[in-house]
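For reference, the structure discussed in these notes is given below.
The values are calculated or read from the model by the stated rules, or taken from the named source; none is laboratory data. No experiment lies behind these values; they were computed from the predicted model shown. Using ideal geometry, Cβ is built from the backbone for each residue, glycine included, and neighbour counts are taken over all protein chains shown.
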Amino acid sequence: MIRATVSEVTAETGAVKCFRLRRGDGLPFAPYEAGAHVDVVGPSGITRQYSLCGPPDDGAYVIAVKREDPSRGGSSALHDQVVAGDELLVSEPRNLFRVEPAAARHVLVAAGIGITPLLSMAYQLHRTGAPFRLHYFATSRERAAFVPLLESASFAADVEFHFGLGRDEHPGTLAEALADPDPATHVYTCGPKEFMRRVEDVAARSLPETQVHVEHFQPLEPVAGAGDAFEVELDTGEVFTVPPGRSIVEVLADGGIEVDTSCREGICGTCVLPVLDGVPDHRDNCLTRKEKEAGDQIATCVSRARTARLVLEL
């Protein structure tokens, strides 16, 4: 974790605040990949993941935080307690939502606070000259973050707003946005999970699923708990039994072996370990479909086993 200073706090909407972070030692942050996120430890001690939404080469980290109602203490503490000059602990950026460099065209589809990772993508794509279109859905202009910025950005001509549409209007609008794509087009979406499902459904009519990229802020499947007991063998030779209702991470911790974790919901990818033998039962939303099919990695905070034993590299 890195100690960062909050250099600026701005209210984007009545429910969204934007925090600009600088390194505590005064040095610039290194450039990061568009779509990346960081862990942030707030005043309450709770760690949450937030997408970086500024220009990736700006030397600062910019995050936008939506106040959740009810809040579990993460968003409300940042909104109510953090001001310019305060310090926060942040992690190095991690990226599970990358821009595909070989794509002929990029279509970015955001809803609500899902604009955050796509905003960083828009900055990067514009800087590199890659063709793209950003579609931003929100219930109203007043509840949409970054509207003035998007309207005045150097890539403003590549942004299209969709405000006030009912859910039944989304499929038709998405069909127009994704109509007749180049076969090498890639689609990226972030927002409420039902909205992202609609984007995936519409995109699947003309593009393979490997060209549709989704960023999750919430788990789409239940966390670990159900399922039969299985064994985990580490490359050290130690063997542990993971019973129903416990995760691999929890069982290893009981045995004195700490695996780095953050979200514990299968979203962030912090706890992923290599699989040397056995077949994982993937229950996460951080590994791609291709990675899951390969079966050589597992998110140990939520996933289980389809075989009696998994051998993991610690």
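Values as computed for the structure displayed
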read-out: Listing of strands (runs of 3 or more DSSP E) fully contained in segment 6-87 that carry 1 or more residues being more than 20 Å from ALA110 (Cα to Cα) and touching a Pro at 6+ places or on another chain (Cβ under 6 Å); value: none
read-out: Which numbered condition GLY166 fails, given (1) without any contact (Cβ under 8 Å) to a residue 12 or more places away in the chain; (2) touching a Ser or Thr at 6+ places or on another chain (Cβ under 8 Å); value: (2)
read-out: Search result, residues across segment 124-152 that are assigned to a loop (DSSP other than H, G, I, E, B), crowded, with 18+ Cβ neighbours inside 10 Å and of a type in the set (Gly, Ala, Ser); value: ALA144, ALA145
read-out: Number of positions in segment 154-168 that are modelled with pLDDT under 95 and of a type in the set (D, E, K, R); value: 2
read-out: Residue match in segment 279-294 (condition: within 26 Å of the chain's Cα centre (by Cα), surrounded by 16 or more Cβ atoms within 10 Å (Cβ to Cβ) and of a type in the set (Gly, Ala, Ser)); value: no
read-out: Members of segment 106-123 found to be among the aliphatic types (A, V, I, L, M) and in a strand (DSSP E or B), listed by number; value: VAL107, LEU108, VAL109, ALA110, ALA111
read-out: Flag for THR210 being of a type outside the set (Asp, Glu), in contact (Cβ under 8 Å) with a residue 24 or more places away in the chain, outside any strand (DSSP E or B) and exposed (fewer than 13 other Cβ atoms within 10 Å of the Cβ); value: yes
read-out: Tally of residues being out of contact with any strand residue (DSSP E or B) (no Cβ under 7 Å at 6 or more places or on another chain), in a loop (DSSP other than H, G, I, E, B) and not charged (D, E, K, R) across segment 158-180; value: 3
read-out: Selection from segment 241-261 of residues that are surrounded by fewer than 19 Cβ atoms within 10 Å (Cβ to Cβ) and either touching a Gly at 6+ places or on another chain (Cβ under 9 Å) or touching a residue at least 24 places away in the same chain (Cβ under 8 Å) (or both); value: PRO244, GLY245, ARG246, ILE257, VAL259, THR261
read-out: In segment 39-59, residue farthest from the chain's Cα centre (by Cα) [restricted to those that are small (Gly, Ala, Ser) and under 15 Å from THR116 (Cα atoms)]; value: GLY54
read-out: Among the candidates LEU88, LEU78, residue that is surrounded by 14 or more Cβ atoms within 10 Å (Cβ to Cβ) and either closer than 26 Å to GLU142 by Cα or among the small types (Gly, Ala, Ser) (or both); value: LEU78
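Rundown of residues vs (1) aliphatic (A, V, I, L, M); (2) at pLDDT 90 or above, yes/no style:
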{"position": "ALA203", "(1), (2)": "yes, yes"}
{"position": "PRO219", "(1), (2)": "no, no"}
{"position": "VAL223", "(1), (2)": "yes, no"}
{"position": "GLY237", "(1), (2)": "no, yes"}
{"position": "LEU252", "(1), (2)": "yes, yes"}
{"position": "ALA299", "(1), (2)": "yes, yes"}
